[in-house]
Each structure stands twice: as C-alpha cells, then as structure tokens.
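Accompanying notes for the structure given below.
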Amino acid sequence: MRSHVTYYNLDGSLNFVLVSSFNYHDIEYLYSPCLGATSGLGLETTRVLALRSVHVVMAVRSVDSGKNVKETILKEIPSAKIDVMELDLSSMASVRKFAADFNSSGLPLNILINNAGVMATPFTLSQDNIELQFATNHLGHFLLTNLLLETMKKTVRECNQEGRIVILSSEAHRFAYHEGIQFDKINDESGYSSYFAYGQSKLANILHANELARHLKKEWK
C-alpha cells in the first residue's frame, strides 16, 4: 500500500471519494487531475474516475448535494457507477456509522481519498467537543482510515494489487502554531487563530500520512 500527500479544494459538499473497484493499470493517471487544483474537484475527481470505470462511493455531508453531483455525472457518463453515502467528518459517531455500513456492504476497497474539510472557521467545538477544524480535517479522517483499513487489507490480499490511501494536505501546514500541533491546547479559545488552527490540522494530515506509510511499509514488506 502507498500513502500519498497532495492537496485540492472540493466544492463544499464532498468530503472524500471512496473507491471500491478500479482498472488498476489506470491508477497513476486517475490521480493526475487532482494535483495542484484549487476548486471544483469534488465533481471533477468523481467524473474522471467514473470515466475509467471506477466504482465511486461519495461520502457527503449533504446527501441531496451528493445526488446532484451524481446526476450531473450520469448525464455525461450514463455507465458511471456512483453511490452516495452520508458522512459528517466532524462527528465521530457519523464516522463510525459510515465505516460500519461500508464494511458490512461487502464492497472491496482499493482506494481511499481523504479530502480536506473546513478552513479557517471561527472557534467552534464539534459535537464531540473538539475544535472543529482539528476534528474535521484530521481526527475524522484518522478514525475513518483506521476503521476501513482491514477492509482495504482484505481487498489487497484477494486482488493481489496494492491499495492506495490519499491524505490531502496543504501548503498551509507550514503555518501552524509555532509549537506545531498544540495537543494540550486544541480547545483553547483564548489563544485560537483560525488560520494557525487550519495549518495545525494540515500538519496533522502530513504526520498521519507519513506514519501510516511507515507502518504499512513495515507490515507489507
């Protein structure tokens, strides 16, 4: 398995694209449209994957918005295989429910694309009483990846083809708090900076990807 760190902005409704089957030989090309883009790639990522006969499961905060994206793509690509499932990355209960539903669906998992979430929001606590940007941009992805990892490993063993986990970060990771990640001050409203908090969450994405890559490389030698 490989972990890739890259960055792009999506259109607001799409959290990430969960891919359950694909033409393996196209995998390098499938990722190329995502690199360095700045907007609208929620729809574009799904569309490009669908063009290559990828079965895409879109995990979205708004199911209605997800269905609109699906219908737009189906008008262009009638043969597209797209499912829409609800997921709120800021809620650990929602993440657990989504993972449980997907794992029980029997679908394989070849590629998981964890996309950036919210950016530079005013100080807000999530449903779990965690600062919203850290909860959405890092903890939600971290938990989801861990909960889906065994399904991906099972798919790798059965298909004898490596999986891909894409964790999306940002150049903003360079502009976190001067201490880096303030683990003991995540919920400190008095010292909160919306942009530093965003950078902190993006730094966490990179550290997550690096550690995951190290762990999986060791496990799958």
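Read-outs: derived from the displayed coordinates by stated rules, not from any lab. All figures in this text were calculated on a predicted structure; none of them were measured in a lab. Because the Cβ atoms are built from the backbone with ideal geometry, glycine has one as well, and the counts that use them run over all protein chains shown.
Three principal axis extents, largest first, for the C-alpha atoms of region 114-221, in Å?
Over region 114-221, Cα extents along the principal axes are 50, 27, 21 Å.
Diagonalise the Cα gyration tensor of region 55-194 and give the resulting equivalent ellipsoid semi-axes, square root of 5 times each eigenvalue, largest first, whole Å. Please list the in-between numbers first.
Numbers: eigenvalues 182, 68, 42 Å².
In descending order the semi-axes read 30, 18, 14 Å.
Based on the mean of other Cβ atoms within 10 Å per residue, sort peptides 65-73, 183-191 so the most packed one is first.
65-73, 183-191
Each residue of region 119-133 in turn: what ³J(HN,Hα) in whole Hz from Karplus with 6.51, -1.76, 1.60 and θ = phi - 60°, glycine and Pro shown as x?
Per-residue couplings from phi come out as 9, 6, 7, x, 4, 8, 9, 6, 4, 9, 6, 10, 3, 4, 5 Hz.
Taking neighbour Cβ counts within 10 Å as the exposure measure, how do Leu207, Leu109 sort from fewest upward?
Ordered by Cβ neighbours within 10 Å, fewest first: Leu207, Leu109.
May I ask you to work out the translational diffusion coefficient for region 120-176 at 25 °C, viscosity 0.890 mPa s, via Stokes-Einstein with Rh from the Kirkwood sum over Cα pairs, reported in whole µm²/s?
Details: Rh = 13.6 Å.
Estimated via Stokes-Einstein, D reaches 180 µm²/s.
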